[in-house]
């Protein structure tokens, strides 16, 4: 390969990937070096939601897992507050550079008419990648995707770049960069899906039918200079927070703030998703395809709310449907035997849930201040407009909160090396922590409890109050 990749990566446990490993709990972070690689050097790639041992997950006094700002790039924060035990959310970020081979420099000098070489001369690609994964039925698919999606994406982008004269022969140099990024993102999702199928099929065939029920919504944002690409499969959401500058002719006009949603929510409650299911399965009725407990709580084939995801193999592939023989090890799911995979009622013509992401592209401007990626746990508690408003409120406070505010939010706001609960010296919240604090305040209000009461609910028993909440915030003017 003639493109070198320098990755700012921080990864969990995939031993086959030659990147820097880093696992973090709310109390400390540990670093273990990886083996060397001739094509990449690693400095950081953060995965949020992982912990060194299950005991650390269960016994953390401070339930908000937050990297110390010292380990993150400038203008970036990521936080998670779990409801499930263990949390099923993951967040991961990386910074990488795809270096154009120096052979292009020589080629351009030798042949000034070679348009491909000239176009790519000195055009190393500097990329920031941000991901949020919201697991369901278990954390395993979200965990795997958090470790492997970014390496697969980097490889796809590197392999699609015309790095030498020989390779450029097979690359359509007329295709624009947008097509390349969108194709690479789609291929990456499909690659991760294929990996999951290959990993889970032996366990399913061995009799562990439950593995077919584990899945994850996946949201990925790739930032190349001012070009932003957002890929989404599921009900996580990406929001851009922007402002309108004061007009010169009207200096008293207040700055307006706006929220732009950069992802489509793939949830069965939406008419567009129900229509897609009908068109894809003409032999079935809407009553069989979608079952709603309420207008906002609908399920594909009566089982799953998201209509796109990674995993959830029992709604995608015939080979992951349980056997119908009562003597089979893969008998249909029953409440008496919850370890078996659910039986999807006939007619059965998968796939009902898609792994292919929807991709949006936007060119950022000087008016764009914040990029928010979050699992639906945040959006259950606030609208995109409210989230953006909270961030500008956080900015107006100058990263300083009063003692009263610290006392109210001490169960929520946690630094990488913060003192014990109740310590009034806890620093001001990061942008992502501030959004989680506001989400928990809303959840407490809706449940008729105080924030302190909500935070005291044992880990694993608060799902009736709020979902796992995971947030990544990028301060676009400070990165």
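The values are calculated or read from the model by the stated rules, or taken from the named source; none is laboratory data. Since the model is a prediction, treat every value here as computed from it, not as a measurement. Using ideal geometry, Cβ is built from the backbone for each residue, glycine included, and neighbour counts are taken over all protein chains shown.
Listing for the model above:
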read-out: Residue count, the stretch 270-304 (criterion: outside any strand (DSSP E or B) and within 19 Å of residue 137 (Cβ to Cβ)); value: 3
read-out: Residue tally, condition in contact with a helix residue (DSSP H, G or I) (Cβ under 7 Å, 6 or more places away or on another chain), part of a helix (DSSP H, G or I) and either modelled with pLDDT under 90 or closer than 20 Å to residue 223 by Cβ (or both), over the stretch 115-154; value: 8
read-out: Residue check, residue 356 surrounded by fewer than 16 Cβ atoms within 10 Å (Cβ to Cβ) and modelled with pLDDT of 95 or more; value: yes
read-out: Some residue of the stretch 174-187 being surrounded by 17 or more Cβ atoms within 10 Å (Cβ to Cβ), touching a strand residue (DSSP E or B) at 6+ places or on another chain (Cβ under 6 Å) and modelled with pLDDT of 95 or more; value: yes
read-out: So residue 157, is it at pLDDT 90 or above, buried (at least 23 other Cβ atoms within 10 Å of the Cβ) and part of a helix (DSSP H, G or I); value: no
read-out: Condition met for residue 101 (at pLDDT 90 or above and either within 26 Å of residue 368 (Cβ to Cβ) or surrounded by 17 or more Cβ atoms within 10 Å (Cβ to Cβ) (or both)); value: no
read-out: All positions within the stretch 297-315 that are crowded, with 24+ Cβ neighbours inside 10 Å, more than 20 Å from residue 359 (Cα to Cα) and out of contact with any helix residue (DSSP H, G or I) (no Cβ under 8 Å at 6 or more places or on another chain); value: 315
read-out: Residue that is surrounded by the fewest Cβ atoms within 10 Å (Cβ to Cβ), among those in the stretch 268-279 that are closer than 20 Å to residue 348 by Cα and in contact (Cβ under 8 Å) with a residue 24 or more places away in the chain; value: 276
read-out: Residue among 200, 223 that is outside any loop (DSSP other than H, G, I, E, B), surrounded by fewer than 24 Cβ atoms within 10 Å (Cβ to Cβ) and in contact with a helix residue (DSSP H, G or I) (Cβ under 6 Å, 6 or more places away or on another chain); value: 200
read-out: Meets criteria (closer than 20 Å to residue 382 by Cβ and surrounded by fewer than 19 Cβ atoms within 10 Å (Cβ to Cβ)) for residue 433; value: no
read-out: Neighbours by Cβ (under 8 Å, 6+ apart or cross-chain): first from the stretch 137-151, over 17 Å from residue 186 (Cα atoms); second modelled with pLDDT of 95 or more and in a helix (DSSP H, G or I); value: 141/196; 144/192; 144/195; 144/196; 144/199
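So that you can scan it fast, the table gives a plain yes or no per residue for (1) assigned to a strand (DSSP E or B); (2) over 26 Å from residue 89 (Cβ atoms); (3) modelled with pLDDT under 95:
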| residue | (1), (2), (3) |
| --- | --- |
| 362 | yes, no, no |
| 366 | no, yes, yes |
| 387 | no, no, no |
| 398 | no, yes, yes |
| 401 | no, no, yes |
| 405 | no, no, yes |
